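No lab work stands behind these numbers, since they all come straight from the coordinates. Just so it is clear, the model here is predicted, and its values are computed rather than measured. Neighbour counts run over all protein chains shown; Cβ positions are idealised from the backbone, glycine included.
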Amino acid sequence: MTLVYYADMPQKEVAKRMGITLNALEGILKRARKWMIKRYKDQYDRLHDI
């Protein structure tokens, strides 16, 4: 996630560096986003209720 979203590196390049397919990387990113939403949803909602 860091390389894709913060370092703004293309997903294709990240997958190549990790030695995995682009589809595998997309699956990893999808699961990571899902985990982050589940883990931090309450905090996000509280911040935006102000």
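With both labels modelled 7 Å from their Cα along Cα-to-Cβ, the Met18 to Asp45 distance reads 2.9 nm. As a calculated quantity, the FRET efficiency between Lys30 and Ala7 at R0 = 30 Å, using C-beta atoms, amounts to about 0.95. Placing +1 on the Cβ of every Lys and Arg and -1 on the Cβ of every Asp and Glu, with nothing else charged, gives the chain a dipole about its Cα centre of roughly 240 debye. Principal axis extents of the C-alpha atoms in the chain (largest first, rounded to whole Å): 42, 19, 11.
Counting only alpha carbon atoms, the long axis of helix 22-48 and the longest principal axis of the chain meet at about 10°. Of the chymotrypsin sites (Phe, Trp or Tyr not before Pro) found in the chain, not one falls in a DSSP loop while having at most 10 other beta-carbon atoms within 10 Å.
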